Structures are given as structure tokens and as C-alpha cells.
Amino acid sequence: MIGLTHYLFVSCALFFIGIYGFLTRRNLITMLMSIELILNSVNINFIAFNKFLFADKLDGLFFTIFIITIAAAEAAVAIAIIINLYRNHHTIDVEEVNAMKF
Amino acid sequence: MLSTPLIALIPLLPVLTFALIALVGRKYFPSLCGVLGTLSMLVSFMLAATVAYDYFFLVGKVGNVYQQIIPLKYTWLQFSPNVAIDMGILLDPISVMMILVVTLVSLMVHFYSLGYMKGDERYATYYSFLALFTFSMLGLVLSSNIFQIYIFWELVGVSSYLLIGYYFDKPSAVAASKKAFIVTRFADLGFLIGILVLSYYAGTLDFQTLILRLTTPTDQLHTIVAASFMGCSALTWGLVLIFIGGAGKSAMFPLHIWLPDAMEGPTPVSALIHAATMVVAGVFLVARLFPIYAISCPPALEVVKWVGISSSFIAAVIACTQTDIKRVLAFSTMSQIGYMMFALGVSGYGGENGLGYMASMFHLFTHAMFKALLFLGAGAIIHYVHSNEIKDMGGLRKLMPVTHLTFLIACLAIAGIPPFAGFFSKEEILQAAFQSNKLIFGIAVITAAITAFYMFRLYFSIFWNKPLAPKGESHDAHEEHHDHGEAPITMKIPLVILALLSICVGLIPFGKFVSSDGAPLLTEFHIGFSVVPVLLATAGIFLARSFYMKESLAPARMADSMKGLYRAAYNKFYIDEIYLFITKKIIFNLVGRPAAWIDKNVVDGTMNLTATITGKTSYAIRKVQSGKLQSYAVYFFVGVIGFVLVFVYWWK
């Protein structure tokens with residue numbers, strides 16, 4: 001029987017994979033993907049708690065839908081920024097984007 | 001009586017002229033500025049004369065006593081219901097007399113400068129400064145409020161500074177202007193503290209109220225007399241401090257050091273500022289507050305008296321040895337102002353006792369005429385000879401007849417020979433001194449004799465002494481001087497007018513108009529009394545004649561026989577050196593340098609330390625603010641984990 005703990009375990013693993021990717025990758029697109037992983041781990045969390053603890057309510061579900069929507073918008077914006085960045089600097093390496101740094 | 005706006009116009013005309021010349025005239029019509037200034041001064045003088053006539057003969061008297069009239073009073077800064085700084089006009093005998101003197105002398109100087117300053121590069125600037133000065137001086141004498149007088153007092157100081165430093169490309173003039181400003185400013189500090197002391201206790205800044213409260217037995221008078229500081233009452237301190245301000249402006253010993261140096265300015269300026277008007281401001285100030293001095297605080301008046309007489313005597317002795325014509329005149333000014341001061345000092349208030357007060361004002365009046373004449377005459381001579389040194393002059397009497405005659409009249413007037421103006425006023429002063437203090441009288445008579453001696457030393461050295469050709473030049477050079485001419489007509493006219501005035505103003509029954517309490521003071525004239533001073537003065541003149549009429553070795557031998565004294569007097573009794581010693585050696589080393597050290601090391605040190613610590617710290621932690629997104633994320637993540645651990649295991 002798959003219980004709450006399994007879901008939380010998956011979510012936790014996803015979260016730390018995301019964190020690891022975000023902290024170690026220098027490529028902006030990979031970092032963006034890592035953020036998506038983190039968001040999705042949260043989504044799984046919401047759904048799992050909703051199902052197992054408050055089965056008669058839909059709050060967690062709605063939250064998840066909102067997060068997916070916003071994540072989509074955010075991805076669009078982020079990719080637009082990255083494309084512009086690439087046009088201007090010919091790189092999407094986060095280490096090399098330091099034109100404004102003192 | 002003239003309407004108020006017209007009275008207000010007397011000081012306002014010069015300031016308007018100043019603004020006009022300084023803002024517009026200097027650029028667009030520089031050559032007309034002199035005429036413009038002179039004309040506005042003429043109008044101002046005529047207004048002043050009308051006011052004087054109206055005041056003295058038509059409206060000033062109520063009963064038998066001249067009243068104080070305040071035609072204009074504008075509350076400017078109100079501090080509390082009782083204390084306010086007003087801008088107003090106060091007419092009483094002395095202020096009316098003063099506006100007459102100031103406008104007259106200023107008019108003469110304006111007119112004279114048309115010739116004297118002709119062709120000068122900064123001609124228009126010069127006239128704007130003159131107008132500014134005249135405005136300040138008129139404002140000073142008309143002030144109805146002690147703070148107003150202080151404001152104008154400083155304005156006078158500033159315009160004097162500007163005019164002394166007029167030839168600012170000469171380092172000596174720059175130094176002189178700074179010296180004058182600093183010394184008088186230093187004295188003005190005393191004045192300011194005096195004002196604060198008096199007004200704090202009297203609860204007012206208004207002259208009339210102030211005098212009323214501090215001369216009649218009121219609460220204010222009791223408190224100020226009861227309050228004591230270092231053995232003297234607050235009243236004495238206040239009045240003495242105010243007198244210090246006056247002494248600074250009036251070049252009284254030991255604050256006189258700026259006056260001789262102030263002669264670096266153009267000569268007409270010396271005539272206006274450093275002889276006839278500004279330097280008597282101190283006398284005027286004491287006279288303005290005279291009821292308080294005389295009725296409530298005789299000790300302060302003692303100070304005035306002794307400072308006056310010592311300045312008078314010391315200056316007279318120094319004047320005998322100076323060789324710069326303007327410096328001689330400067331010391332003689334100081335000596336004569338000393339006369340006025342001690343005349344105030346020996347005076348009492350009201351009726352017969354007020355003889356000294358009236359004599360002082362009388363001497364101020366006559367002195368303005370003949371001293372302005374002396375300076376303008378000296379200006380004409382300097383204009384002709386192009387030198388200030390007596391030894392470059394001599395034998396000028398045929399070359400400059402008008403100057404010669406007018407200068408002689410002025411010398412006779414200052415020496416106190418009847419019937420010239422100085423005689424009458426000096427006799428009044430001597431009489432007042434005689435009635436009050438025999439020692440003062442003795443010194444005053446000796447000073448009068450010395451005065452006669454050094455004035456005629458000057459006269460004979462300039463106009464006789466050498467054969468007619470000046471500087472022993474060749475015939476051609478002599479001819480050249482003739483072509484150059486004595487002085488332009490614009491310079492001669494003021495000389496003649498002032499000479500006429502120097503002859504006749506002494507005949508004015510001055511006591512009828514100006515006295516300590518406003519009631520006419522009829523002075524008797526004792527022929528017997530004046531014999532001694534006149535004889536002594538004549539002796540002085542003859543001594544000077546025997547020494548200086550012809551070139552001789554007698555003066556040099558005389559100087560040799562009193563070598564120490566002569567050297568000391570020639571070096572002005574080393575007072576400048578004493579000042580330098582005190583300031584440079586003592587104040588700079590003992591106060592200035594430690595203060596500078598504290599400023600550099602303690603005050604600045606604290607600031608530098610703060611800055612250094614901030615800088616070092618920020619340098620140390622700047623690595624944290626790397627601008628790298630991922631390291632921020634690490635910090636954030638570690639922080640969150642930290643919080644989580646805290647909340648889960650420790651907070652509970």
C-alpha cells in the first residue's frame with residue numbers, strides 16, 4: 001500500500017535534486033529546470049497532503065493548479081530573459097554574466 | 001517738520017546710489033558714477049540740513065528742552081512682547097548734529113574725489129563704496145534701537161574694510177584692511193556682549209526704554225546693580241564692554257593699532273572715515289548711552305575718562321615723531337578723539353554738570369571740519385608730490401597757495417588758537433576737565449601744547465623748510481610741476497568750504513542746541529582761563545617754527561638727546577610688537593597650537609577612526625556580497641535549514 005510517506009519521500013527527493021541542480025549548474029536553462037523540479041516537488045506535497053489529510057477539501061488541488069500556471073508564465077519570462085541575455089552576451093553561463101558587477 | 005519718508009531718504013539715498021552704481025553704473029556708465037554719487041549726496045545733505053533746521057528751530061523743543069523724536073519705527077524681529085529689534089529713526093540733538101556732519105563731510109569728500117580719483121581704474125567701485133559707507137554711518141547715528149546700531153556698526157566696519165583695501169594690489173593695503181577689520185571686530189565682540197548684558201537685565205533693546213529703565217530706580221536697575229561678576233556689577237560690566245566696542249572703532253589705546261595702518265586707503269577716504277565720521281562712532285555710542293553712564297554707573301565713566309586721556313597723550317607724543325604725513329594726522333585724530341572721550345568721562349548729567357558732554361559733542365563737530373580739511377589738504381599735497389613722506393616735501397607754499405592757506409587754517413584750528421573753531425571746543429573741554437579733575441586737566445593742557453607743536457611741525461616741514469623748488473630738482477622739473485598745477489578745481493572748492501567752516505563753526509553757541517539733558521546749557525567764556533592753554537599752544541607753534549621753518553639740525557639733535565624716548569615714540573611705543581608678541585608667541589603657541597592639535601588628533605581622529613573601521617569592515621565582508629546568484633541561494637538555503645532546525649528541535 002502506498003501511503004503518505006512514499007509521496008513525501010518522492011517529493012523530498014525531487015526537492016533536493018532541484019536544490020542540488022540549482023546550486024551546482026552554471027547553465028541558466030539547467031538552473032531553470034531545477035527550479036521547475038523544486039516547484040513540482042511542492043506540488044506533489046500539496047496533492048499528497050490534500051488527499052491523505054483533508055480528502056473532503058480541494059484547497060491543495062487549487063494551489064497546485066495555480067503553481068503550475070504561474071510556473072508556466074515564469075518559465076516563459078525566464079526563457080525570454082535568457083534569450084535576450086544570449087543575444088547580448090553570447091553566453092548563458094551564470095558566471096560570465098557579470099557586466100553590472102562592481 | 002519734514003515728512004517721515006523724506007527723513008528716511010537721508011540714509012536711503014546713499015544706499016540706493018550704492019545699489020545703482022554697483023549693479024548698473026559700474027558697467028554701463030562708469031564715468032558718470034562720481035557725479036551721480038555727488039548729486040545724491042548733495043540731496044541727502046540738503047535734506048539733512050532741513051531736518052536740522054526744523055529740529056533745532058521749529059519742532060524739536062517742548063518747553064525749553066529738546067525732545068527725542070521717533071518719526072519712524074518698524075518692528076522688524078519680535079522676540080517677545082517687550083523685546084524686539086526695530087528699524088527706526090531717532091532724532092535728538094546729537095543724532096541731528098551727526099547727520100549734518102556726516103552728510104556734509106561726505107559731500108565734501110565725494111566732491112573732492114571727483115578730482116582726486118579721476119582716471120582711476122575702479123572709479124565707479126570707489127564711489128559705490130563711499131555711498132555704502134555713508135549709508136551705514138547715517139543709519140548708525142539715526143538708530144533707535146541698540147541692535148540696529150550694532151548692525152550698522154558692522155556695516156560701517158565692512159565698508160571701512162573695503163575702502164582701506166581699495167588698492168588691493170598693494171600688499172600693505174591688504175594687510176592694513178585686514179588688521180583694521182580684525183581689531184575692530186575683536187572690539188565689537190565686547191560691544192555685542194555688552195548689548196546682551198544690558199538688554200538681558202533691562203528687558204528691552206530700545207534706546208529710550210533702555211535708558212529710562214536703567215536710570216530711574218526700577219526693578220531692572222536694582223537687579224542689574226545687584227548682579228555682580230568678579231567684583232563689579234553687571235551694569236558696570238555691560239557699559240565697559242560696550243565702551244570696548246566704542247574704543248575699538250574710535251581707535252582708543254590700546255585698540256588703536258589699526259588706525260595708522262588704515263591710512264593705506266585713498267586719502268579722501270581717510271578724511272571721511274578715519275578722521276571725521278567713523279572713528280567718532282565710539283564717542284557717539286558713549287554719548288548715546290550717556291545717561292546710563294553718568295547717572296547709574298560712574299565707575300564705567302572713570303574707565304572712559306582714563307582711556308580717553310591716556311590715548312590722547314600717547315597719540316600726541318607718537319605724532320611728534322612720525323614722518324608720514326598721513327600717519328601724523330592719524331595719530332592726531334586719535335589724540336583728538338581721546339579728548340572727546342575724556343570730556344565725556346569728566347562730565348556729569350544735566351545742567352551745569354553736563355559741560356563735558358556738550359564740550360565733547362562740540363569738539364566732535366569742529367574736529368570733523370578741520371580734520372577733514374587737514375586730510376583733504378594732505379591729499380592735495382600727496383597728489384602733487386606723489387609721496388607721503390614729509391622729507392619729500394618742503395617749500396610748497398608758493399606752488400600750492402590755496403592748499404597752503406587752508407592747511408594753515410586747519411592747523412591753527414586744531415592747535416586751538418582763537419578765533420578758529422578748535423579753540424572754542426577745546427576750551428570747553430579743558431574747562432570741564434578743570435572743574436572735575438586737576439590731573440586730567442594738566443595732561444590735557446600739555447597734550448594741547450604738543451598738538452600745536454606737531455601740527456606746526458607738519459605745516460612748516462611741508463610748506464617752508466626747503467627752498468622753493470621741491471626736492472631740489474632742476475629747473476625743468478620745477479616747470480613741470482607748475483604745469484601739473486596745484487589741484488583741480490573740484491579739489492580746491494571743498495578745501496575752501498571746509499576752511500571757512502573751520503573758521504566760523506566755533507562761534508555757534510553749541511550749548512544752546514546740544515546738551516546732556518536737552519535743556520540749553522549756557523556757557524560762560526572765561527578769558528582768564530584760556531590764557532594758559534593758548535600761550536602753551538603758541539609756545540608749541542614757535543618751537544616748531546624754530547625747528548622746522550628752515551632746514552636745520554636742531555630737530556635731529558633734539559631727537560638724539562632723547563634717544564630712547566624718540567625711538568620708542570617713533571616705533572609707536574612698540575604696541576604693535578607687543579600685540580604680535582602676545583598673539584604669535586603666546587596665544588598661537590599656548591592656545592592655537594594645542595587647539596589645532598586637539599582638532600587634528602582628537603576631533604578629526606575620532607572621525608577618521610570611524611571611517612577607517614567602517615572601511616576595513618566593509619572590505620572584510622565584501623566577499624559575502626559577491627553578486628553570484630548561486631552563492632546567495634546557498635546562504636538562503638543554509639539559513640532556512642538553520643531556522644528549521646531551531647524551530648523543530650530547540651524552540652518547540
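Over what distance in Å are the Cα centres of segment B:378-423 and segment B:266-337 separated?
22 Å
Of B:Leu396, B:Pro260, B:His383, which is farthest along the charge dipole of the protein assembly as shown in the positive direction, counting Lys and Arg as +1 and Asp and Glu as -1 at C-beta?
B:Pro260
If I fit a long axis through the Cα atoms of helix B:123-142 and take the longest principal axis of the Cα atoms of chain B, what angle between them do I get, 0 to 90°, rounded to 10?
90 degrees
Give me the net charge for the shell around B:Ser312: Cβ to Cβ below 12 angstrom, other residues only, Lys and Arg +1, Asp and Glu -1.
+2
Counting just the Cα atoms, what span does chain B cover along each of its three principal axes? Round to the nearest Å and put the largest first.
For chain B, the Cα spread along each principal axis is 117, 69, 55 Å.
What shape does segment B:1-107 take by its C-alpha gyration tensor, where a ≥ b ≥ c are the square roots of the eigenvalues and a/c under 1.5 counts as rounded, a/b above b/c as prolate, and the rest as oblate? Can you show the working numbers first?
On the way: a/c = 3.23, a/b = 1.43, b/c = 2.25.
Oblate is the answer for segment B:1-107, as a/c is 1.5 or above yet b/c matches or exceeds a/b.
Restricting the calculation to Cα positions, tell me the Rg (one decimal) and the Dmax (whole number) of the protein assembly as shown in Å.
Expressed in Å, the Cα Rg and Dmax of the protein assembly as shown come to 41.4, 144.
Test of understanding: express the Cα radius of gyration of segment B:301-401 as a ratio to 2.2 N^0.38 Å, with N the residue count. Mind dumping the intermediate values first?
Details: Rg = 16.6 Å, N = 101, 2.2 N^0.38 = 12.7 Å.
Cα Rg divided by the expected 2.2 N^0.38 Å: 1.31.
Cα centroids of segment B:129-144 and segment B:1-68: how far apart, whole angstrom?
That distance is 10 Å.
Could you tell me whether segment A:4-99 comes out rounded, prolate or oblate from its Cα gyration tensor? Rule is a ≥ b ≥ c as square roots of the eigenvalues, rounded for a/c under 1.5, then prolate if a/b exceeds b/c, otherwise oblate.
Since a/c reaches 1.5 but b/c is at least a/b, the shape of segment A:4-99 is classed as oblate.
At 1.567 mPa s and 4 °C, plugging the Kirkwood radius over alpha-carbon pairs of segment B:357-459 into Stokes-Einstein gives what diffusion coefficient in µm²/s?
Answer, rounded: 89 µm²/s.
Using alpha-carbon pairs under 8 Å, 6+ residues apart, how would you state the relative contact order of chain A in percent?
Over chain A, the number comes to 27 percent.
May I ask for the net charge around B:Glu264, where only other residues with Cβ less than 13 Å from the Cβ of B:Glu264 are counted and Lys, Arg are +1 while Asp, Glu are -1?
Once all neighbours under 13 Å are counted, the net charge is +2.
State in Å² the accessible area per residue of the protein assembly as shown; use a 1.4 Å probe, count heavy atoms of protein chains only, and round to the nearest integer.
46 Å²
Return the Rg/Rh ratio of segment B:503-652 with Cα-based radii and a Kirkwood Rh.
Dividing the radius of gyration by the Kirkwood radius yields 1.59.
Could you tell me what percent of the accessible area of segment A:4-99 is made up of carbon and sulfur, with a 1.4 Å probe and every protein chain present? All intermediate terms of the calculation are to be shown ahead of the outcome.
Details: 4660 of 6450 Å².
So the carbon and sulfur contribution to the accessible surface is 72 percent.
Can you compute the radius of gyration and Dmax for segment B:55-177, using only the Cα atoms, both in Å?
That works out to 18.0, 57 Å for Rg and Dmax.
Where does each of B:162-174, B:423-435, B:362-374 land if you order them by average Cβ count within 10 Å, highest first?
On the way: B:162-174: 16.7, B:423-435: 24.8, B:362-374: 28.8.
Per-residue mean Cβ counts within 10 Å order the peptides as B:362-374, B:423-435, B:162-174.
Given a 1.4 Å probe and every protein chain left where it sits, what share in percent of the accessible area of chain B is carbon and sulfur?
For chain B, the apolar C and S fraction of the accessible surface comes to 70 percent.
The values are calculated or read from the model by the stated rules, or taken from the named source; none is laboratory data. Just so it is clear, the structure is predicted and the values come from calculations on it, not from any experiment. Cβ coordinates were reconstructed from backbone atoms using ideal geometry, including for glycine residues, and neighbour counts include every protein chain displayed. Areas reflect the complete protein model, heavy atoms only, side chains present, ligands, DNA and RNA absent. Shrake-Rupley method; radii C 1.70, N 1.55, O 1.52, S 1.80 Å.
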